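Only one structure is covered here, and it is reproduced in the block below.
The values are calculated or read from the model by the stated rules, or taken from the named source; none is laboratory data. Treat the numbers as computed from the prediction; the structure is a model and nothing was measured. For neighbour counting, all protein chains shown are included, and Cβ atoms are generated from backbone atoms with ideal geometry for every residue, glycine included. To get the accessible areas, we keep the full protein, side chains included, count just its heavy atoms, and leave off ligands, DNA and RNA. Shrake-Rupley method; radii C 1.70, N 1.55, O 1.52, S 1.80 Å.
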2 protein chains.
Amino acid sequence: MAEQKQNRPKARLPRGFRDRGPAEIAAERAMLDTIRRVYESYGFEPLETPAFEYTDALGKFLPDVDRPNAGVFSLKDDDEQWLSLRYDLTAPLARYVAENFQHLAKPFRRYQTGSVWRNEKPGPGRFREFTQFDADTVGSASPAADAELLMMLADTLEALKLKRGEYIVKLNNRKLLDGLLEAIGLTPSGLLTAMNRGVVLRAIDKLDRLGPQGVFQLLTTGRTDDSGDFTKGAELSTAEADNVMRFLGYSMNVTRGYVEDSFQGVGKGPDRLERIAERVSFGPTGIQGTKELRDIIQIVRSCGYEEDRIAVDQTVVRGLDYYTGPVFEAQLTFPVTNEKGDTVVFGSVAGGGRYDNLVARFMGQPSPATGVSIGVSRLQHALSLRGISSGALTPLVFVTTMDDPAESFKIANELRREGIRTEVYAGNKKLQDQLKYADRRGAVFAIIQGSIERDMGQVTIKGLEFGKEISNVLKSREEWLANQSGRQINVDRDMMLNEIKRLLSNWSWGP
Amino acid sequence: MAEQKQNRPKARLPRGFRDRGPAEIAAERAMLDTIRRVYESYGFEPLETPAFEYTDALGKFLPDVDRPNAGVFSLKDDDEQWLSLRYDLTAPLARYVAENFQHLAKPFRRYQTGSVWRNEKPGPGRFREFTQFDADTVGSASPAADAELLMMLADTLEALKLKRGEYIVKLNNRKLLDGLLEAIGLTPSGLLTAMNRGVVLRAIDKLDRLGPQGVFQLLTTGRTDDSGDFTKGAELSTAEADNVMRFLGYSMNVTRGYVEDSFQGVGKGPDRLERIAERVSFGPTGIQGTKELRDIIQIVRSCGYEEDRIAVDQTVVRGLDYYTGPVFEAQLTFPVTNEKGDTVVFGSVAGGGRYDNLVARFMGQPSPATGVSIGVSRLQHALSLRGISSGALTPLVFVTTMDDPAESFKIANELRREGIRTEVYAGNKKLQDQLKYADRRGAVFAIIQGSIERDMGQVTIKGLEFGKEISNVLKSREEWLANQSGRQINVDRDMMLNEIKRLLSNWSWGP
């Protein structure tokens, strides 16, 4: 092999990864800046941890409980220790807090944004590297810490220009379900094992997708899907499963199966929590859970966050196994068309909850913590669907390079000093090719100074394709741009800057 | 093993990685924003590539030519292909350009910033993950493309508030040295192999550290260092090595060995390039190299960038093997104390050059390219040494939580709406503990509303430790803060916002 002439490597992106260009980067940057500004206004401060953690420190808190050891990119360091790329920003936080516990002012509150990596099978829109934006409070068991995250999340979505009604922050408590299972006898000392508790949680998590009949099947004997695949059920009795269904807000109807109760749906009026508590019996854990929810709701309502922004929803589960109390999820409520062509609501863009055991793994003592994570790409996608674009670059002016590149740079420097984004042509092609390039770059005007113009002490300012297309938004200079046979003017060199500024000030860009 | 009770994992940072806190993150963010603004003003637009590339696409263009295959974090994907984390931002650019060549408007100009990873032995201040900021122009062989990068680099350093004279952008051309070796007979067809050309380049690169005598030894018979280690030389004859030394600006003095020629040193007057060309014979490659340098210098001088900002320096080598023409380096000239306690100039913070073969590796056809890379952490360190701090967070106001957390949040929301960074205490401790926490968080004022204040329709505003320390900068309110026995005032609840705004407006923060 080594003796053979080496083949050229093929230039290709690794499977499941992607490149991103100016528009997407600028939009994401603007979005991250807004989130950061809101989080900092609440007193959260940034932390950065490395891409790698020791594999044993990341532990098994993996998102997909079915494959606890898969899903992570790992390699062995030269001292034989295993390193893994972080798969979220919570596990590194737990490591950081445990390592620096003595020196941190507690409650410790930080935000962090950055890439995370999942070694999973890529799919359409599913990448193996993506950005998260997390905020967490470690060292406070107070419901105020949870309430704050909910309000901060609502504030963030509105700061991102989502209208009220286009989003809802939903709140649940894992203890409600545990209390329900307790009440029907499925306690840790009884039938309730971590295993079938997980099956029950995952069944509930599929309500949106499978509907109440499918959930009931998964709670009891199991379910066969359209392709014939069978999913094992939680083996609850019909009575037990019916209790869970009532908790979720569904009642058995003789002809139609499980149908939604009238108390479903978000709206004004008494909080859904109280309506649930009225009709379901909780064990002690569930009673504690409802108290926690009441405390949180009392704070956010007092601050003016009504049910159209923050609402209890007992069907919210959140997949992660490590949550121990309140869980929450921000959903976008406007309709979009999915891959199958169906109209659905956009759905979840952020989620989180209380996890009191993650730091304990290192410390041996519990450390109450609560946090929220925004799926940055998904939220960005939602904003672009809503036409909420931001972060666009300012208009670009293009300077051609003829026989004297230095003169082109001098012209550009004058413009840049006034804050005008200006590109000098850095190749050595003919004028027509340069102007074609300028069009492809989306420049608005080209400035040309060949030897003729220079001898006359002038420059030519030429409107480009991008300029032409939106020339109808121009008011005062339209007579100039309308003159298609001569979409250019000559101005004295020392008037150039003023003329460009005047042209740009009549310019209208962005929505 | 699996049967044993699992030990708790130890919470520790992986070797050679680091966590970063608010001050460092804010300073870096401000610095990156400034660089971005300057680069965008030149028409460069952002690109993001993934952390991973296929190992064969990264190739052997590694920074350390002595270990061409080491230095990279690699792992095997589940389809048996090798993936590597990027070790710089240039190799991914080459892959991107080759993959998208047909669709790109050329010259293609992009900037990219992000983490890179080096699988190397960590040392003090040497980390295995760090940030780079690159700008490149691909598809232009014109000296205008190089000149633009030099001017953009100088503009960037001044936009970062470095004063003229505190930095210098140095320019050289690999072709000068090649032309020199040609002239003394060390041509590819003669003695010049890639191997001993590399030895000569690395010898010159060590001029700063070893001085002219050490370089001469490395050019000829080799050198034994203080610890007794021997480094092999390039085996040039004394006459050949003397030619290289003259090129570097050193003449043999009978009593003192090699001493600096009078034309050394940056200053006004004719460019050093012409003084070098006068006294050294170049072969055809060197003559081409001097022409390229003259063209670049002519452009930057015409644009007003004199020798105090951009200067030819024939001792600049840049370690990377892939440079084919002009190379450049931005150095900071102010003195600092190094680890050994010696006073030295700060040195290099950015570098780059022309590399015409990197894209060709994929394409089979050459694609001229030139680029510059800023070492972000190193430059940030330099700015902090100069006392150029930026990006600091605005003052923090702290709201205690007594018996009514909702009221605390309402107070905080009022302040945040005015853009005041406000933290609500999210724990449930005693007032004294809360105020101690607020001090540790660096808050300026605490707002307290216990039941007594609430009954009176008032709040208490208390000056904290951080506020006390800089109370002497306060003009109008110093009588209040000077009152150490009662560094607090009570105000009516509905006057609170105005009072806080008034206190903060008299506040002076940042340099």
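Can you say whether B:Glu80 is facing chain A (nearest Cβ under 8 Å) and either charged (D, E, K, R) or farther than 17 Å from B:Pro366 by Cα (or both), as far as the supplied structure shows?
Taking the combined requirement at face value, the residue does not satisfy it.
Scanning region B:401-432 for residues that are open to solvent by 60 Å² or more (accessible area, probe 1.4 Å) and not in a loop (DSSP other than H, G, I, E, B) gives B:Lys410, B:Arg417, B:Gln432. Considering the conditions (1) surrounded by 21 or more Cβ atoms within 10 Å (Cβ to Cβ); (2) touching a residue at least 40 places away in the same chain (Cβ under 8 Å); (3) more than 10 Å from chain B (Cβ to nearest Cβ), A:Tyr87 is excluded by exactly one of them, (2). Sub-6 Å Cβ pairs linking a first residue in region B:51-80 that is exposed (fewer than 14 other Cβ atoms within 10 Å of the Cβ) to a second residue that is at pLDDT 55 or above and of a type in the set (Ser, Thr, Tyr), at least 6 apart or interchain, number zero.
How many residues are closer than 18 Å to A:Tyr54 by Cβ and surrounded by 23 or more Cβ atoms within 10 Å (Cβ to Cβ) when one looks only at region A:97-112?
Keep residues of region A:97-112 that are closer than 18 Å to A:Tyr54 by Cβ, which gives A:97-101.
With surrounded by 23 or more Cβ atoms within 10 Å (Cβ to Cβ) added as a condition, the list becomes A:97-98.
The qualifying residues number 2.
If the condition is being more than 8 Å from chain B (Cβ to nearest Cβ) and free of Cβ contacts under 8 Å to residues at least 60 places away in the same chain, then region A:409-420 contributes only A:Arg417. Among A:Gln102, A:Gln112, which is the only one that is more than 10 Å from chain B (Cβ to nearest Cβ) and either at pLDDT below 95 or under 28 Å from B:Gln112 (Cβ atoms) (or both)? So the residue among A:Gln102, A:Gln112 that is more than 10 Å from chain B (Cβ to nearest Cβ) and either at pLDDT below 95 or under 28 Å from B:Gln112 (Cβ atoms) (or both) is A:Gln102. Put simply, of B:Ala392, B:Ala350, B:Ala382 the only residue that is of a type outside the set (Val, Ile, Thr) and within 12 Å of another protein chain (Cβ to nearest Cβ) is B:Ala392. Only one residue in B:Glu453, B:Glu465 is modelled with pLDDT under 80 and either among the charged types (D, E, K, R) or touching a strand residue (DSSP E or B) at 6+ places or on another chain (Cβ under 8 Å) (or both), so which one is that? Every option except B:Glu465 fails the conditions. Scanning region B:145-171 for residues that are open to solvent by 10 Å² or more (accessible area, probe 1.4 Å) and not aliphatic (A, V, I, L, M) yields B:Asp155, B:Glu158, B:Lys161, B:Lys163, B:Arg164, B:Gly165, B:Glu166, B:Lys170.
Scanning region B:293-304 for residues that are open to solvent by 10 Å² or more (accessible area, probe 1.4 Å) and not small (Gly, Ala, Ser) yields B:Arg294, B:Asp295, B:Ile297, B:Gln298, B:Arg301, B:Cys303. If the condition is being in contact with a helix residue (DSSP H, G or I) (Cβ under 7 Å, 6 or more places away or on another chain) and within 8 Å of chain B (Cβ to nearest Cβ), then region A:119-141 contributes only A:Thr137.
Pairs are defined by a Cβ separation below 8 Å, a sequence spacing of at least 6 or placement on different chains, a first member in region B:258-279 that is under 21 Å from B:Glu306 (Cβ atoms) and modelled with pLDDT of 60 or more, and a second member that is outside any loop (DSSP other than H, G, I, E, B) and of a type in the set (Lys, Arg); the pairs so defined are B:Leu273/B:Arg294.
Within region B:198-252, the set of residues being touching an Asp or Glu at 6+ places or on another chain (Cβ under 9 Å), polar (S, T, N, Q) and over 20 Å from B:Leu180 (Cα atoms) comprises just one member, B:Thr231. Of all the residues in region A:324-337, those that are more than 25 Å from A:Ala98 (Cβ to Cβ), open to solvent by 20 Å² or more (accessible area, probe 1.4 Å) and either in contact (Cβ under 8 Å) with a residue 60 or more places away in the chain or within 13 Å of chain B (Cβ to nearest Cβ) (or both) number 3. Cβ-Cβ distances below 7 Å connect the following pairs, each with a first residue in region A:338-349 that is loosely packed, with under 10 Cβ neighbours inside 10 Å, a second residue that is in a strand (DSSP E or B) and at pLDDT below 85, and a separation of six or more residues or different chains: A:Thr343/A:Thr337. Candidates are the residues of region A:10-49 that are hydrophobic (A, V, I, L, M, F, W, C) and in a loop (DSSP other than H, G, I, E, B); the one that is farthest from A:Leu162 (Cα to Cα) is A:Ala11.
Sort out which residues of region B:384-400 are open to solvent by less than 10 Å² (accessible area, probe 1.4 Å) and either among the polar types (S, T, N, Q) or over 30 Å from B:Lys501 (Cβ atoms) (or both), and write them in order of number. Steps first, please.
Looking only at region B:384-400, we keep the residues that are open to solvent by less than 10 Å² (accessible area, probe 1.4 Å), and these are B:396-400.
B:Thr400 - this is the single residue of region B:384-400 that is open to solvent by less than 10 Å² (accessible area, probe 1.4 Å) and either among the polar types (S, T, N, Q) or over 30 Å from B:Lys501 (Cβ atoms) (or both).
Condition check for A:Ser373 on (1) under 23 Å from B:Ala412 (Cα atoms); (2) surrounded by fewer than 23 Cβ atoms within 10 Å (Cβ to Cβ); (3) in the same structural domain as A:Arg246 (by TED's automatic domain parsing): one failure, at (3).
The set of residues in region B:213-235 that are without any contact (Cβ under 8 Å) to a residue 12 or more places away in the chain and more than 22 Å from B:Glu260 (Cα to Cα) comprises B:Thr224, B:Asp225, B:Asp226, B:Ser227, B:Gly228, B:Asp229, B:Phe230.
Among the residues of region B:421-436, those that are at the interface with chain A (Cβ under 7 Å from one of its Cβ atoms) and more than 13 Å from B:Asp404 (Cα to Cα) comprise B:Arg421, B:Thr422, B:Glu423. A:Met363 fails exactly one of the following numbered conditions: (1) crowded, with 18+ Cβ neighbours inside 10 Å; (2) within 22 Å of A:Gly59 (Cα to Cα). What is the number of that condition? For A:Met363, the exception is condition (1).
Scanning region B:40-57 for residues that are in contact with a Lys or Arg (Cβ under 9 Å, 6 or more places away or on another chain) and more than 7 Å from chain A (Cβ to nearest Cβ) yields a single hit, B:Phe44.
Okay, residues lined up against (1) over 23 Å from B:Gly304 (Cα atoms); (2) touching a helix residue (DSSP H, G or I) at 6+ places or on another chain (Cβ under 8 Å):
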{"site": "B:Ala144", "(1), (2)": "no, yes"}
{"site": "B:Ala147", "(1), (2)": "no, yes"}
{"site": "B:Leu153", "(1), (2)": "no, no"}
{"site": "B:Lys161", "(1), (2)": "no, yes"}
{"site": "B:Gly165", "(1), (2)": "no, no"}
{"site": "B:Lys175", "(1), (2)": "yes, yes"}
{"site": "B:Ile184", "(1), (2)": "yes, yes"}
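Assess whether B:Ser476 counts as being over 30 Å from B:Ser384 (Cα atoms), modelled with pLDDT under 50, open to solvent by 50 Å² or more (accessible area, probe 1.4 Å) and assigned to a helix (DSSP H, G or I). Here the answer is no, as B:Ser476 does not meet what is asked.
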